Amino acid sequence: MGVRLNGRTAIVTGASRGLGRAIALALAAQGAAVAVAARTERVWNDKLPGTIGDTVADIEAAGGRAVAIRADLTDRDDLPRLVEQARAAFGPVTLLVNNAAFTAPGRPPRPGATRAAAGPPTTAAPRADWPPFVGTPVHAFRRHFEIAVFAAYELMQLVVPDMIDAGGGAIVNISSVASRIPGAGPYRDFSGGVLPGYGGSKAALEHLTESAAYELQRRNIAVNALSPSQAMLTPGLSYYRTDFDDVGSEEDFAEAVVRLALVDPQTVTGRTIGHRQVLDGSFDPFGP
């Protein structure tokens, strides 16, 4: 076990699988006590493995401290409850990782709900293409923002008082290159795809990162967005596509989160940074 984050209490959203799980494990391995937050308490789709209990079990098996907290980030009542339970378990929250996003279709069942009401069956095949703009209903578009932007906004507001009282803290918002795709037109290559809901919510999250960082720098709170420098074959992305030539490591990405949890906000804040840049130190801490 490392010691870089000893004494810190962290919340990681979307931590039942994929990058969230890797981030929770990495923070705990460096001494943080981690509130593992997500909706999934049992596997409801074979293509989306992992539960909050599984992540906690892995952390505890490695000698770390963690608590599983079921939270649906589209439910406004769940947000203060998540923070209150994390605080009750481990003390003031001084590290927040807003990782949760709406990716694969369907939703895990609420406690007591039937599988049929929850979403696609466990035998559902991956979609062969990206969700189209014209074919994405507005309620699905809105859900991206409810999870990646509105929930992140409120969670940041809820934990900042703890960070101010503690004399500092860090917020890491997980973004994506999808926020910059497809870029300005006109277009000549139509072989790829765009994710208007997912990408749009990530672009908004990056601006929220800058806005919060501007206000919180004087409070010794760093607020940064971390974007994968390569494709990450998380269960959510793999639901749609697996044919990437350059694939990154979830463990490397999680290490980049650890490093951003330790930066001096007078040097690095309000930034959207690729995880490889964090790991190799190639980014200019004072540049754009």
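Take 49-60, 4-15 and order them by the average number of nearby Cβ atoms within 10 Å per residue, most first; the result is 4-15, 49-60. Contact order, relative form, for the range 1-97: 32 percent (alpha carbon pairs under 8 Å, 6 or more residues apart, mean separation divided by residue count). At a Förster radius of 25 Å, what calculated FRET efficiency corresponds to the Cβ-Cβ distance of H207 and Y187, to the nearest 0.05? It comes out at approximately 0.55. Listed peptides 22-29, 63-70 appear in the order 22-29, 63-70 once ranked by packing, highest mean of other Cβ atoms within 10 Å at the front. Let a ≥ b ≥ c be the square roots of the eigenvalues of the Cα gyration tensor of the range 1-57; is it rounded (a/c under 1.5), or, if not, prolate (a/b larger than b/c) or oblate? In terms of gyration-tensor shape, prolate.
Most tightly packed first, judged by the mean number of other beta-carbon atoms within 10 Å of their residues, the peptides 212-219, 80-87, 147-154 read 147-154, 80-87, 212-219.
Taken together, the values in this text are just the output of simple stated rules run on the coordinates, not laboratory data. Not measured: the values here are computed from a predicted model. Note that each Cβ is placed from the backbone with ideal geometry, even for glycine, and that neighbours are counted across all protein chains shown.
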